[in-house]
Amino acid sequence: MFNLILFGPPGAGKGTQAVKIAEKFGWKHVSTGDILRAEVSQATPLGLKVKSVMEAGHLVSDELLIEIMESVFVKNNTVNGFVLDGFPRTLNQAEELDKMLLKHGQKVSLVLALEVDEAELVKRLLKRALDQGRKDDTEEVIKNRLVQYHHHTKPLIDYYLEKNLYREVYGQGSIEEIFSQLCEVISL
Ligand code: AMP
C-alpha cells in the first residue's frame, strides 16, 4: 500500500492535486477538511463540535482527527494507496499516524510538499473565498490558518526530513505542470 502525504500550507493546491493523483494511481483521496466540512453541513454531533473551531481557522483537536483517520483506514483496508490531504497537521498527529500505520503493517511512503510564496497563498485563499463561499477564507481567518500552519504544521518538515521521506515540488505554475512534477517524484 502506498501511503502518500500531500503536504503544504493552506492554499498550496493540495486538494486539486490530491484528486488528480488519486485518480491517476487508483488511490483513495482522504481530505480531513472535506470530511469535517461534511460533518458540519450535516450538523452531526461531531460537526456541531468542530464548527466554530473551523470557522475561526484554528485546528480541530488531535484526538478527533486521529479517530477520524483510524476509521477511514479500517473502512478502506482493501485500497492499494492513500493520498492524505490536510493530515497530519501536528507533530502529535504525525506520531499517531505512524503508530496507527504500524498497527496495520503499513508506513508512510512519501511526503510530497507543494511550495508556494506566502503572498500567492493569501491571494489564492481570498479568491477561493469568493468562488466557493468558504466561511474559513475571510482575511482574518486566512491569517489565522497561516499562523497555525507555521506554528503547528511546518515543524513536520523536520520530522519527515529525518526519516528521509520529505520531497518538495514548486507549487506555482499551471495545474498540469505541477501535477507532472508530482507524478515524477512519486514514480521515482
Ligand atoms: P482544509 O480544508 O484542509 O484547509 O481544512 C479546513 C479546516 O479543517 C482547518 O482549518 C481545520 O480547522 C480543520 N482541519 C482539517 N484537517 C485537520 C487536521 N489534520 N488537524 C486539525 N484540524 C484540521
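Things to note:
- Restricted to the range 26-85, and to residues there that are of a type in the set (D, E) and buried (at least 16 other Cβ atoms within 10 Å of the Cβ), the residue that is farthest from the ligand (Cβ to nearest atom) is E39.
A quick yes/no check of all residues on (1) of a type outside the set (V, I, T); (2) assigned to a helix (DSSP H, G or I):
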{"site": "V141", "(1), (2)": "no, yes"}
{"site": "Q172", "(1), (2)": "yes, no"}
{"site": "L182", "(1), (2)": "yes, yes"}
{"site": "V185", "(1), (2)": "no, yes"}
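- Residue within the range 2-25 that is more than 15 Å from the ligand (Cβ to nearest atom), in contact with a Ser or Thr (Cβ under 6 Å, 6 or more places away or on another chain), open to solvent by 10 Å² or more (accessible area, probe 1.4 Å) and touching a residue at least 40 places away in the same chain (Cβ under 8 Å) present: yes
- Neighbours by Cβ (under 6 Å, 6+ apart or cross-chain): first from the range 146-170, on the phi < 0 side of the Ramachandran plot and assigned to a strand (DSSP E or B); second of a type outside the set (G, A, S) and open to solvent by 60 Å² or more (accessible area, probe 1.4 Å): E168/E115; V169/Q181; Y170/E115
- Meets criteria (open to solvent by 40 Å² or more (accessible area, probe 1.4 Å) and among the aromatic types (F, W, Y)) for Y166: no
- Some residue of the range 146-159 being over 18 Å from the mean Cα position of the chain (by Cα) and either open to solvent by 90 Å² or more (accessible area, probe 1.4 Å) or closer than 17 Å to L6 by Cβ (or both): no
- Residue in the range 86-101 that is more than 21 Å from R145 (Cβ to Cβ), surrounded by fewer than 19 Cβ atoms within 10 Å (Cβ to Cβ), more than 14 Å from the ligand (Cβ to nearest atom) and touching a residue at least 40 places away in the same chain (Cβ under 8 Å) present: yes
- Only one of the numbered conditions (1) open to solvent by 30 Å² or more (accessible area, probe 1.4 Å); (2) of a type outside the set (D, E); (3) within 14 Å of the ligand (Cβ to nearest atom) is violated by L114, and that is (1).
- Residue within the range 120-138 that is within 25 Å of K163 (Cβ to Cβ) and either within 12 Å of the ligand (Cβ to nearest atom) or of a type outside the set (S, T, N, Q) (or both) present: no
- Remark: R128 matches the filter, which requires a residue to be open to solvent by 60 Å² or more (accessible area, probe 1.4 Å) and part of a helix (DSSP H, G or I).
The values are calculated or read from the model by the stated rules, or taken from the named source; none is laboratory data. This structure is a prediction, so every number in the text was calculated from the model and none was measured. Virtual Cβ from ideal backbone geometry, glycine too; neighbours counted across all protein chains shown. Ligands, DNA and RNA are stripped out before the accessible areas are found, and what is left, the full protein with its side chains, is counted by its heavy atoms. Shrake-Rupley method; radii C 1.70, N 1.55, O 1.52, S 1.80 Å.
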